[in-house]
Every structure is written in C-alpha cells, then in structure tokens.
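Colleague: Could you have a look at this structure, given as structure tokens, before my questions?
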Amino acid sequence: MQKFWDVHTHQKNNENSIYNVIAGKDAIPVSGYFSIGIHPWYYKESEENNLIEIVNKAANNPRCLAIGECGLDKLKGEDFQLQEKVFIRQIEVANNLNKPLIIHCVKYYPQLKKLIEQNNFSGPIVLHGFNQNLRIAKLFESNNYYFSLGKSLFNDNGNAQEILKKYYPQKIVFETDDTEILIDEIYLKASLILNVNKNEIVLEIQNNIKTIFAKNISEK
Ligand SMILES: [Zn+2]
C-alpha cells in the first residue's frame, strides 16, 4: 500500500505522519506516531530539568519514533551556551533510548555537526526543513544524515530543489511542518522537479523511513 510519509508535522496526526510534540507546550497524541523534543524557541533554563523529564518519560512510549525537534537557532531563543546545554541533554536521551534525532537548526550547522560528533551520536539524524546550499549540505553527506524537505520545494529559485536533485533518493524525506500543504502535494512537486513517477518516489521514501525508524514502526 502507498504511504505518503510525513516525518515532521505540527498538526496532521494520521498513520503515516510523525506528529511533533514540543515538550511543555503540546500534549502527547492519544494515537499515532510522534516525536518529542525541547524546541529552542520554547526553552527557558529554569524549566530545563522539568522539560527533560517530560521528554524522557514520553520517549519511552513505543509510538515515540524520535527525539526532536531539538537543536540550535541563532535568530531566536536563548543564547548559544544555553541552547547547547539542553541540546546535549537531548542527544543523551536519544543515545540512551536508541532513537533518531529530528533537528531544528538555523544558522548553526557547523556547530550542530560538532556537537553531534562530540556527544558520540551515531543514530539516524533528520535535518528538518532543510533549505541550505550545497556547501552546507556537504557537511552532512555521511550516511546517518537525512534532509527533510517541505514547503521550500515550491520555491523555484531556492536551495531545496537543488538538494532534492542531488540527494534523492538515499538521503531524502518529506514533511509538512506547520503548513497547510498536504503531504501528497509535496510528493507531487518532488515528482515534477525530479521527473520521476510519484509512485516510485513514495516507495523510495518508504525505504528511507524503514531505515531511519525501523525499530518502532509496525508493518501493516
Ligand atoms: Zn517544526
């Protein structure tokens, strides 16, 4: 059966999507897969222990497929040292529970890579909303990194289309994030950009999903 996997959404909770729970802000969905993380926009140091506890507890749920979105943001949120501290704690959670990471990163990509390496994380890493140039993408060419593309595919002069063309199929997944766009439309757009049949894309992405989240996805 065709499954249009959506690896990162803030609203659409269906059987092929991973609903993102922002710790301390969103409730854990009663059904369906989810990820949970401390978002750098919604983090205060005084809440850190409490939020880590929320993440740890929820992450033990078998429906929790990943830790995140978490990461670093140069334009919004607390200063770098604080963001770094709470990000490292979430890498630890992901390491302990053997779950992938879903990353939010704005203008801190080299620092992000360094932190992931320093903290010995070797599981799969999804760079959500990736819309960087090929020079930055090159930093993440090793096997365990994936580029998650969404609304920026609709920008004909943007980076996302270049990323898709260069890294499809091995390193690509798709997302709707906080937009109203349907995930099927993202796959359709990708098929037009690549000039590849949509059904074939669905199968390739399904394979990537199995590689990234295998352990916790039940085959139906
Ligand atoms: Zn998001």
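Here, each number is a calculation from the coordinates, and none is a lab measurement. Remember, predicted model here, so these are calculated numbers, not experimental data. Using ideal geometry, Cβ is built from the backbone for each residue, glycine included, and neighbour counts are taken over all protein chains shown.
Colleague: Could you list, in sequence order, all residues of segment 169-185 that are without any contact (Cβ under 8 Å) to a residue 40 or more places away in the chain and crowded, with 19+ Cβ neighbours inside 10 Å?
Modeller: Across segment 169-185, the qualifying residues are 171, 172.
Colleague: With respect to the numbered conditions (1) surrounded by fewer than 18 Cβ atoms within 10 Å (Cβ to Cβ); (2) assigned to a strand (DSSP E or B), which one is the sole condition not fulfilled by residue 102?
Modeller: The single condition residue 102 does not satisfy is (1).
Colleague: Using the structure shown, decide if residue 52 is within 16 Å of the ligand (Cβ to nearest atom) and of a type outside the set (D, E, K, R). Step through it out loud before you land on a result.
Modeller: Working: within 16 Å of the ligand (Cβ to nearest atom): no; of a type outside the set (D, E, K, R): yes.
Here the answer is no, as residue 52 does not meet what is asked.
Colleague: Then there's this: Report yes if some residue within segment 113-122 is within 16 Å of the ligand (Cβ to nearest atom) and not in a strand (DSSP E or B); otherwise report no. Working first, answer last.
Modeller: Restricting attention to segment 113-122, the residues satisfying the condition of being within 16 Å of the ligand (Cβ to nearest atom) are none.
The answer is no, given that none of the residues of segment 113-122 is within 16 Å of the ligand (Cβ to nearest atom) and not in a strand (DSSP E or B).
Colleague: May I ask you to list the residues in segment 1-24 that are within 11 Å of the ligand (Cβ to nearest atom) and either out of contact with any Pro (no Cβ under 7 Å at 6 or more places or on another chain) or without any contact (Cβ under 8 Å) to a residue 12 or more places away in the chain (or both)?
Modeller: Within segment 1-24, the subset within 11 Å of the ligand (Cβ to nearest atom) is 7-11, 18-22.
Within segment 1-24, 7, 8, 9, 10, 11, 18, 20, 21, 22 meet the criteria.
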